[in-house]
Structures are given as structure tokens and as C-alpha cells.
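Asker: Sharing a structure, written as C-alpha cells. Questions coming.
The values are calculated or read from the model by the stated rules, or taken from the named source; none is laboratory data. Treat the numbers as computed from the prediction; the structure is a model and nothing was measured. We place every Cβ from the backbone using ideal geometry, glycine too, and count neighbours over all the protein chains shown.
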Amino acid sequence: MMAWTDPLSDSRSRLALLSQSVREWALFLDIDGTLLDIAEHPDLVQVPPALIGDLERVSASLDGALALVSGRAIAWIDRAFHPLRLPVAGQQGAEIRLEKHGPASTNVAVNLDGVRARLRTLDGVDGIEIEDKGLTIAVHYRRAHDRVAAAKAVIAKALATLEAGIEVVAGRLVYEVKARAANKGTAVARLLDTAAFSRHMPVYFGDDQTDEYGFREVLARGGIAVQVGPSQAPPGCLWIESPSETRRWLASLFGRVRESACA
């Protein structure tokens, strides 16, 4: 059993205890803020090579019942985690790949041209960066630093009125503009309908408000939700403190799985 940073934490202790039944799990993992540390710029995040190996081994041990669920586009995920290939939901569930060797397809689409036009007013605003991923748009303010409140106010003004079917969800240092019908919970539900995931108990790790859709979906199915990072865990969720702790947990999880398989 791994040594938690705070061994007296009831939440961590419970997660460690529940992990003993890991072979029965379907594991869903957010990426930024959950598996990977938040960086100054979205493209500056680092994927540790050991993490790719750990994910591959845990996926094999779960008979393929491991998926990444992210605001990132699937094309970016495949590049960043190459050569690893997993079932994945990208762009807040707007696109999905149900099998690791299957095709990626659009899950939900909405016309964001009106949003794009309004966001042009933010071009060149210091500390704000617009990331258009096609099916969703992320408005980052990671570089706003001591101007966070002002940056959030400017973004809120630009996104004050949206067309029907479009919503804005606050993430960590980002606002995600997406189809209202697309979210991480509906993506998890679709994955749980597939053969690889359907016979397992769903377990979801996430770090911000966009992940709460996933939390609610797995909790409604009798699963486990784990909040990662500084935010307070929503009701019913366990908590661990950082992406590095998630990575350590995954590495130790594979050790337990391997030992039980060889027993």
C-alpha cells in the first residue's frame, strides 16, 4: 500500500482500501489538473514517460476498462500520450472514441461561430488566451496572474449572452464554451455501454467543475468519484491533493495488480 502524504486522511485511506477491488473497476481519468500538472500555457504541460507506461499496464490489467476524459481534443491526447492509445472522450465529451483501436467521432456538435465573433474582442488582451478546438472553445486566463479578477470580468462580459444550446462551464483557470448537451458525464455513460466497461464499477478522477458531470454519473451508478487538487471535494467524493499523487497512486496500483495476478 502506498504511503499517502497525509496518512490520517479518511478519504485517502478509504481510496487505498477500495483499491483492493480494482480489478472490478472501470477507470475514467481527466488529464489537466488530474494526471498532469497545470502549466503556464496549455502546450507546455509535460507527460512523464513513466505515466504512459503505468496507464498502459493498468489498462491491460483492467481488460481495457480505462479511458481518458478531457477538455483536450482527441488528436492532442493521442500526440501527447503516444504511443499509448485508449478509449477517450475529448472536448468535454463533444467527441469520443469508444474503443482504443476504433475511430474518433463527433458525439455532439453546435455552431460556435457567434461565440467566435464575440471572443474577437479579447484578442490581444494581456493574460487571456483563446484556444479554439473546433467543437469547443477554451478561454484561458492562466497568465493573468495578479489580474485574475479583471480577466474573469472581461471574459464574462464577452460571454454574457449565448445562443440556445451553448453554455460556459468554469474550469481551473479556464472557461469552456461548449454544447449544452456535451459533458463528461454523458461521455462516461456512453463508454459504460460498451463491452469493455459495462461489467465494471465506474471510478472517476477529476479536478474541476467540468468533471462534476462525471462525478455525478459514476456516483449515480454506485461508483467512486475522486476530487484531485485544491478544490473542496463535492459531496460523496473522495479527495487527493495533486496530479503527482494521482500518478503515484497509479504506479502503486499496477504493483498491487501485478502481485495479485502472480499469486
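Asker: For residues that are at pLDDT 90 or above and not in a strand (DSSP E or B), scanning just region 129-147, find the one that is nearest to ALA73 (Cα to Cα).
Answerer: Looking only at region 129-147, we keep the residues that are at pLDDT 90 or above, and these are 129-141.
From what's left, not in a strand (DSSP E or B): 133-136, 141.
On the way: LYS133: 6, GLY134: 9, LEU135: 9, THR136: 9, TYR141: 19 Å.
Selected residue: LYS133.
Asker: Filter the helices (runs of 4 or more DSSP H) completely within region 148-204 down to those with at least 3 residues that are assigned by TED's automatic domain parsing to the domain that holds ALA67, out of contact with any Phe, Trp or Tyr (no Cβ under 9 Å at 6 or more places or on another chain) and over 19 Å from VAL110 (Cβ atoms).
Answerer: 195-198
Asker: So which residues in region 70-97 are part of a loop (DSSP other than H, G, I, E, B), touching a residue at least 40 places away in the same chain (Cβ under 8 Å) and aliphatic (A, V, I, L, M)?
Answerer: Across region 70-97, the qualifying residues are ALA73, ALA94.
Asker: If you check LYS178, LYS152, LYS157, which single one turns out to be under 25 Å from ILE74 (Cβ atoms) and of a type in the set (D, E, K, R)?
Answerer: Of the residues listed, the single one that is under 25 Å from ILE74 (Cβ atoms) and of a type in the set (D, E, K, R) is LYS178.
Asker: Just to check your reading of the model, which residue among SER70, SER61, SER21, SER105 is small (Gly, Ala, Ser), modelled with pLDDT of 95 or more and either over 14 Å from the mean Cα position of the chain (by Cα) or surrounded by fewer than 18 Cβ atoms within 10 Å (Cβ to Cβ) (or both)? Steps first, please.
Answerer: Values: SER70 fails: either over 14 Å from the mean Cα position of the chain (by Cα) or surrounded by fewer than 18 Cβ atoms within 10 Å (Cβ to Cβ) (or both); SER61 fails: modelled with pLDDT of 95 or more; SER21 fails: modelled with pLDDT of 95 or more.
When all the criteria are applied, what remains is SER105.
Asker: List pairs: first residue in region 175-195 and free of Cβ contacts under 8 Å to residues at least 40 places away in the same chain, second residue assigned to a helix (DSSP H, G or I) and not hydroxyl-bearing (Ser, Thr, Tyr) anywhere in the structure, Cβ distance under 9 angstrom, at least six positions apart or on different chains.
Answerer: TYR175/LYS152; TYR175/ILE155; TYR175/ALA156; ALA189/GLU217
Quick grid of which residues meet (1) part of a loop (DSSP other than H, G, I, E, B); (2) not assigned by TED's automatic domain parsing to the domain that holds ILE137:
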position: ALA50; (1), (2): no, yes
position: LEU68; (1), (2): no, yes
position: GLU99; (1), (2): yes, yes
position: LEU119; (1), (2): no, no
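Asker: Among the residues of region 15-63, how many are under 30 Å from ARG142 (Cα atoms) and either free of Cβ contacts under 8 Å to residues at least 40 places away in the same chain or of a type outside the set (Asp, Glu) (or both)?
Answerer: So the count comes out to 24.
Asker: Which condition number in (1) part of a helix (DSSP H, G or I); (2) closer than 23 Å to ALA67 by Cβ; (3) not assigned by TED's automatic domain parsing to the domain that holds PRO243 is the one that THR210 fails?
Answerer: (3)
Asker: Looking at GLY255, GLY222 in this structure, which one is modelled with pLDDT of 90 or more and either assigned by TED's automatic domain parsing to the domain that holds GLY53 or not hydroxyl-bearing (Ser, Thr, Tyr) (or both)?
Answerer: Details: GLY255 fails: modelled with pLDDT of 90 or more.
It is GLY222.
Asker: Quick one: in region 233-247, which of the residues that are among the polar types (S, T, N, Q) and either part of a helix (DSSP H, G or I) or without any contact (Cβ under 8 Å) to a residue 24 or more places away in the chain (or both) is nearest to GLU217 (Cα to Cα)?
Answerer: The first filter runs over region 233-247 and keeps only residues among the polar types (S, T, N, Q), leaving 242, 244, 246.
Next cut, either part of a helix (DSSP H, G or I) or without any contact (Cβ under 8 Å) to a residue 24 or more places away in the chain (or both) only: 244, 246.
On the way: SER244: 25, THR246: 21 Å.
Checked region 233-247; the qualifying residue nearest to GLU217 (Cα to Cα) is THR246.
Asker: On to the next question. Being of a type outside the set (Val, Ile, Thr) and modelled with pLDDT of 90 or more is the filter; apply it to region 165-177 and report the residue that is farthest from GLY90 (Cα to Cα).
Answerer: Top of the filtered list is GLY165.
Asker: Follow-up. Regarding ALA138, is this residue surrounded by fewer than 16 Cβ atoms within 10 Å (Cβ to Cβ) and either among the hydrophobic types (A, V, I, L, M, F, W, C) or within 30 Å of TRP25 (Cα to Cα) (or both)?
Answerer: Answer is no for this residue.
Asker: While we're on this one: Given the options ARG180, ARG221, name the one that is among the basic types (Lys, Arg), touching a helix residue (DSSP H, G or I) at 6+ places or on another chain (Cβ under 9 Å) and within 21 Å of GLY93 (Cβ to Cβ). Can you show your working first?
Answerer: Numbers: ARG180 fails: touching a helix residue (DSSP H, G or I) at 6+ places or on another chain (Cβ under 9 Å).
So the residue among ARG180, ARG221 that is among the basic types (Lys, Arg), touching a helix residue (DSSP H, G or I) at 6+ places or on another chain (Cβ under 9 Å) and within 21 Å of GLY93 (Cβ to Cβ) is ARG221.
Asker: Let me ask something additional. Among ALA39, ALA16, which is the only one that is closer than 30 Å to ASP126 by Cα and either modelled with pLDDT under 90 or surrounded by fewer than 18 Cβ atoms within 10 Å (Cβ to Cβ) (or both)?
Answerer: Values: ALA16 fails: closer than 30 Å to ASP126 by Cα.
Sole residue among the options that is closer than 30 Å to ASP126 by Cα and either modelled with pLDDT under 90 or surrounded by fewer than 18 Cβ atoms within 10 Å (Cβ to Cβ) (or both): ALA39.
Asker: Can you report the number of residues in region 189-242 which are hydroxyl-bearing (Ser, Thr, Tyr) and under 18 Å from LEU15 (Cβ atoms)?
Answerer: Residues flagged as hydroxyl-bearing (Ser, Thr, Tyr) and under 18 Å from LEU15 (Cβ atoms) within region 189-242 amount to 3.
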